[in-house]
Structures are given as C-alpha cells and as structure tokens.
Amino acid sequence: MEFNWFSFLLYILIGAFTPGPNNIMSMNNAKHSGFRKGMVFILGMQAGVLVIMILCMVFSAALASVIPRVQFPMKIAGASYMVYLAARTLFPPKANRLYDGSGSFAVGAVLQFLNPKLIFYGITAISSFILPFYSGAAVLSFFVFILTIAGFFANMCWALFGSLFSVLFTKYDKAVNAVMALLLLYCAVSLFL
C-alpha cells in the first residue's frame, strides 16, 4: 500500500476549511477588529497550531513505536472520527456561540490547547495517513508544516471572505454540508484501501 496523497490532501483541506473554532474565530475577529488587527490573532492561532501539531506528531509516533500494533486501531479511530465529522457536517448543531472578536497573539495561541477539533484533526492525519508510511524527523517536520500551513490558509480565507462564506454557507448549507460529508466518508474508507 502506498501513501495516498489525494486522500491525505482532501482530508486536510476539509479538516482545515470546514467550520470550526479557528475558522469562526478568524472570521469574527476580522469582522469586529478589521483584517490587519485580526492578523495578530491569526498568527497567534498558528503558533498554537504548530505546537499542537508537533505534540500530536510526538504522541502518535511514540504510541506507534511503543505499541507497534496500534496502527490498525488508530486507523479505526481515525476513520471513526471522520465518520463522526461527516455526521456533524451533514447534521450540524442548531446554534453555535460565536467568538466575540477580541483577541491577541497570546489568546490565539492558548485557545488552540482547548480546540478538540484541531487535536483530533492532527492525531488522525498523523496516525492514519503519515506514520504508516513515513518516519524520520525531517519528513515528519515537513508534514507538521503542511498541516500548520493548511490551517493558516483556511483561517486567512475565513478572515478575508468571512462574509461571503457566511452567506454562501447559509444559502447553500445543505448541499455544501452533503458534499463535505461525502468527501469525509471517502477519506475514512480510503484509509483501508
């Protein structure tokens, strides 16, 4: 079995760009304080994302080396999480409390340690897609960089086009959610192909 770049990139694209705490905070922060002031918060978030991705990589690699047979259960856990995300995407909660837009670099960084979507996203991507095929500090650092940059681009898009995405998601929410859910299910299945 070879590394499936298409499924990996599809997963991180969906994971990074679908609504979640970071994207909603980026959008609302830029709406309330302007894009330039919002950038400080987004850069703080990315510093926190980088630390979380490093911790996810260390955790997943340590777990895989201590318990070599953990890869298959981690794939099952990763696929289960993707199915859960697909269900949450298809049937979103009725109301979410939105971030009020006040934030600094430090607040953006610290909030990442309270973001379960980010932590599960990192562990799933690393343990399901990366570690079964790659090892070594340089290549794993490259993947941490990819995961972090994907989040940065997503946050920037949500900050820049927050109003547009908000209108688009509201107007076509069922169709967009259905497509995203199907793509997440494809990612889950591809882990076992």
| request: Among the listed pairs K75/K171; K117/K171; K75/K174, give every one whose C-alpha distance is greater than 27 Å. | output: K75/K171; K75/K174
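Full extension from I146 to L43: what is 0.36 nm times the residue separation minus their Cα-Cα distance, to one decimal in nm? Display every interim value, and only then the final one.
Numbers: separation 103, 0.36 × 103 = 37.08 nm, distance 1.57 nm.
Full-extension gain reported as 35.5 nm.
Magnitude of the Cβ-charge dipole of the chain, K/R +1 and D/E -1, about the Cα centre, nearest 20 debye? Don't skip to the answer; put the middle values down first.
Working: 11 positive and 3 negative charges, 82 e Å.
Charge dipole, the chain, about its Cα centre: 400 debye, nearest 20.
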| task | Report the residues of segment 1-25 in range of a label on V139: point 7 Å along Cα→C-beta, backbone N strictly under 18 Å from it. | result | 1-9
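How much mean residue ellipticity at 222 nm does the chain get from its helices, if each DSSP H run of length 4 or more adds -39500 (n - 2.57) and you divide by all residues, to the nearest 500 deg cm²/dmol? Before the final figure, lay out the partial values.
Values: 9 runs with 146 residues, N = 193.
About -25000 deg cm²/dmol.
For the chain, what's the relative contact order in percent, using C-alpha pairs closer than 8 Å and at least 6 residues apart?
Working: 231 pairs, mean separation 85.4, N = 193.
Worked out over the chain, it gives 44 percent.
At a 10 angstrom cut-off on C-beta neighbours, averaged per residue, how do the peptides 43-51, 177-185 rank from highest to lowest?
On the way: 43-51: 20.8, 177-185: 18.0.
Peptide ranking by packing, descending: 43-51, 177-185.
With a length cut of 24 Å (Cα positions projected on each helix's long axis) and a Kyte-Doolittle mean of at least -0.5, go through the chain and give me the DSSP H helices that pass.
Details: long enough: 35-66 (45 Å, 1.90); 71-90 (28 Å, 0.61); 137-160 (34 Å, 2.08); 173-190 (25 Å, 1.47).
TM-like helix candidates: 35-66, 71-90, 137-160, 173-190.
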| Cβ crowding within 10 Å averaged over residues, with 137-145, 108-116 ranked highest first | 108-116, 137-145
| note | So for the chain, using the alpha carbon gyration tensor with a ≥ b ≥ c as root eigenvalues (a/c under 1.5 gives rounded; past that, a/b versus b/c decides prolate or oblate), I'd call it oblate
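A short reminder: the numbers here are calculations on the coordinates, not readings from a lab. Keep in mind that this is a model prediction, so the values were computed, not measured. Quick reminder, even Gly has a Cβ in these numbers, built from the backbone with ideal geometry, and neighbours come from all protein chains shown.
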